[in-house]
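Only one structure is covered here, and it is reproduced in the block below.
Nothing in this text is a laboratory measurement; each read-out follows from the coordinates by a stated rule. Everything numeric in this text was worked out from a predicted model, so none of it was measured. Positions of Cβ are backbone-derived with ideal geometry, glycine not excepted, and every protein chain shown enters the neighbour counts.
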Amino acid sequence: MTTGSLDWFAEVRACTEALVNVRSVSPSADESAVVQTVGELLRRDGLGAAYAVCDHVAIPGDPFGRCNAVAYLPGQQRATVVLLGHTDTVGTEDYGALESLATDPAALAAHAHDLIGDDSVAEPADWLFGRGALDMKSGVAVNIAVMRHFARQALAGTPPPVSLILLATPDEETQSAGALAATGWLADFRRQHDLRYVGLINTDYVAPRYPGDPERPIYTGSVGKLLPLFYVVGKATHVGDPYDGVDANLLSAEMVRDLSMNPLLVDHVRGEQTPPPVTLHLADLKTSYNVQTAFAAWFYLNVLTLSTTPEHLLATVQRTAQRSLNRVLGRLGKDYRALRRDLAAPLPPHLLSGAAYTYQDVRRLAEERVGAATVARELAAVRQECPARMDSREATLRLVAALWQLSARPAPAVVIAFAPPYYPHIAQQPGPLLEAVRAVAARHADQGVVLREFFPLLSDLSYMRLDAANRTEALIANMPLWTDGTPDPTVAGYSLPFATIHDAQIAGVVNIGVYGYGGHQRGERVYMPYSFQTVPQMVYETILSLTEDVV
Ligand SMILES: [Zn+2]
C-alpha cells in the first residue's frame, strides 16, 4: 500500500477555524447554522458535484429544529466507511471576561497565558484556542478534509476505492439526538444504495490522562454508562423517639458509603479499567424544616462500564444495598436493647428487617396487590404530570415513589431503578477495521500513537453499534421512563432505537482523535501539528487499508 503522507495541515486548520467561528452551544437552535457550514466547506472550490448527497437531514421531532449534516461520495465498492463527528459544543460562560472571543481563535491567541494560567504552552504557535477547537470541530474538520481529498480525485475521474459517508451531528454534549437519528438514516441509506458499512471512524478528541502522558491512543471501542437510582424508604419519627422510626438519611449514607468509590465495582477488561462509581446526587425528600426524621431519600450513582450488563449491575447493587440495610438495622437493634438495658427486649418490626428491591420486583408486588391494569393506569397518570422538560432523574423518582405506594410494602426498604441516560459500551471487534488501525498505529508510533480498546469519554460512538452481549431487557424492565412505540412529546420519557442501531449493521467502530488540552474548560486548545497533519493522514490510511482488505 502506498501511504505517502499528503499535505493536510492548511485545509484542516482553515476548516477548524471556520467551524469554531460559528457558535453552536448545545442544546439550542444555534446548532443548525454550523451544520450548514459543514456542507459549505465540503462543496467549496466547486467540489459539490462530486457528492451524490451533500445535505442536511432534519432530526424527527427535534424541539430545536436541528439537523445532521450528511455527505455521500460513491466509491468503487459498496463497502463503505462512515466518518463521524459532532458539531455542537458546551457553553462559553467559563471564558468569563473573554466570553465574546470564545469562538474567535485568532483573537484568543493573544490571551493564551490568561486562558491556561500557570500551565505553560511550550510553542504557543502550535496551539489553536477556542470553544470547540478541541471538542471536536477540529475532528469534524479532519473528516471534511479527507472527504474533500477524495472528492477532488472523483472529479478528476477516480472515485474513492470504497464509498464514503460523512456524518456531522448536533447534541452530542446533551443527549446525542443527532447520532440517534443518524442511525435510522444510516440503516435506510444502506438498504437504498445496497451499501455495506465496513467501519465507522469517529474523530473525537483524546487528551493526556495524567501530566506527561506520552500516549495518543486510537480507540477500538467505547466505555458505557449506567445510572442506577436508589429510592430509600425509612419511617418518619419524632427526634425525641428515634427508635420509633428509621432515618432514611442514615440508610442512604450507609449505602453511599458502600457503593461510591468502591474499587470492587470497577469494571476490568483486558487490562483496561473504569474509574469507580460515584454518586451524582443525594438528598432526602423533606421539603421544610421540622423535628421529624426524613421518611425517604434518594440518590443516583454514575457507573461506567466496559463489560458489565444492566442485569449484572442491578444484581450487584441490589446485593450491596441489602447488606448496607442489614448492617444499619443490626446496629440499631443492638443499640436499642443496650440503651434499654434489656438484651432480650422485643424489637419493633421496622428494626427487624428491610428489603432491597429492583423496580421490576416492586412492579410485580404492586400488580399482585392491585392488578396490572391499575398499576399501568396509575403510573401513566403520574407520567402525565411530568412534563418533557422535567429532569429525567426527578421524573424517574416520581414514578418509583408512586409504584412503591401501590405495592404497600413495609419500610424500611430501597427500590433500585435505572434513570436515563444509558450509554452502551462497545468492545473491539476482530476484523479488517481493527487490523487497519493496528497497522496505522504501528506506523505512527513515533508520534505516541498506540492502540487501546475503550474510548474513555461518553460520546455518540456508544450508539453506533450494539454488542450482542450487552442485553437490554433488564434495563428496559427497570427503567420507569422507558417508552415503547410512539412517545408523547409533551411528557417525560426515554427510549433508544436499539433495533435501528442493529439494523445499521456497522461492522466496527474506532476513534482516531484530534489531540489537545482543556476540553470543556476555558483553556481548550488543539495541538495543531499532530491533529491537523497526522490525524487526517491516519484516517486516510485507514480508509485505504480497508479497501485492500475488502476487495
Ligand atoms: Zn466531543
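To the nearest ten degrees, helix 310-340 and the longest principal axis of the Cα atoms of the chain are 30 degrees apart. Between residue 353 and residue 319, the modelled labels are 2.0 nm apart [label points 7 Å from Cα along Cα→Cβ]. Rounded to 0.05, the FRET efficiency of the residue 257 and residue 114 pair, given R0 = 45 Å and the Cβ-Cβ distance, is 0.60.
What order, most packed first, do the peptides 135-144, 333-342, 449-458 have when packing is the mean number of other Cβ atoms within 10 Å of each residue?
Working: 135-144: 31.7, 333-342: 12.3, 449-458: 19.8.
Going from most to least packed, we get 135-144, 449-458, 333-342.
Per residue, the average separation of C-alpha pairs within less than 8 Å and at least 6 apart gives the chain a relative contact order of 22 percent.
Using the Cα atoms as the points, what is the convex hull volume per residue of the chain in Å³? Display every interim value, and only then the final one.
On the way: hull volume 93.8 nm³, N = 551.
Residue-normalised Cα hull volume stands at 170 Å³.
Using the Cβ-Cβ distance between residue 215 and residue 342 with R0 set to 51 Å, the FRET efficiency works out to roughly 0.20. Here the label points at residue 28 and residue 438, each 7 Å from Cα along the C-beta direction, are separated by 4.6 nm in the simple model. Using the charge dipole of the chain (Lys, Arg: +1 at Cβ; Asp, Glu: -1 at Cβ; taken about the Cα centre), state which of 489, 128, 37 has its Cα farthest towards the positive end. Going by the Cα projections, it comes out as 489. Restricting attention to the chain, close to 60% of DSSP beta bridges with both partner residues there are antiparallel.
Helix 248-259 and the long axis of the chain differ in direction by around 40°, with both axes built from C-alpha atoms. Arranged from fewest to most other beta-carbon atoms within 10 Å of their beta carbon, 116, 201, 543 become 116, 543, 201. Note the angle between two axes, namely the Cα long axis of helix 359-370 and the longest principal axis of the Cα atoms of the chain, as a number of degrees from 0 to 90, rounded to the nearest 10. So the helix axis and the longest Cα principal axis differ by about 50 degrees.
Add -39500 (n - 2.57) for each DSSP H run of 4 or more in the chain, then divide by its residues: what number comes out at 222 nm, to the nearest 500 deg cm²/dmol? Could the numbers behind the result be given before it?
Details: 16 runs with 197 residues, N = 551.
Roughly -11000 deg cm²/dmol at 222 nm, from the helical runs in the chain.
Determine, for 89, 237, 103, the number of other Cβ atoms within 10 Å of each Cβ, and report the residues in order from fewest to most. Mind dumping the intermediate values first?
On the way: 89 30, 237 18, 103 24.
By the 10 Å Cβ count, ascending: 237, 103, 89.
In units of the compact-protein estimate 2.2 N^0.38 Å, the range 459-511 shows a Cα radius of gyration of 1.29. With 10 Å bins beginning at zero, the pair-distance distribution over Cα atoms of the range 224-418 amounts to 9, 32, 34, 19, 5, 0 %.
Per-residue Karplus couplings for the range 172-182, computed as 6.51 cos²θ - 1.76 cosθ + 1.60 with θ equal to phi - 60°, are listed in order as 4, 6, 10, 10, 6, 4, x, 5, 5, 5, 5 Hz, Gly and Pro entered as x. Restricting the GluC sites (Glu not before Pro) of the range 213-280 to loop positions (DSSP other than H, G, I, E, B) with no more than 16 neighbouring Cβ atoms within 10 Å leaves 215. Take every pair of alpha-carbon atoms less than 8 Å apart whose residues are at least six positions apart; their mean separation over the length of the range 51-91 yields a relative contact order of 36 percent.
Bridgeable aspartates and glutamates around residue 235 (alpha carbons under 12 Å apart, same-chain partners fewer than 8 residues away excluded): 244, 247. The modelled label-to-label distance between residue 278 and residue 193, using points 7 Å beyond Cα along the C-beta direction, is 4.2 nm. In terms of other Cβ atoms within 10 Å, 298, 127 run from fewest to most in the order 298, 127.
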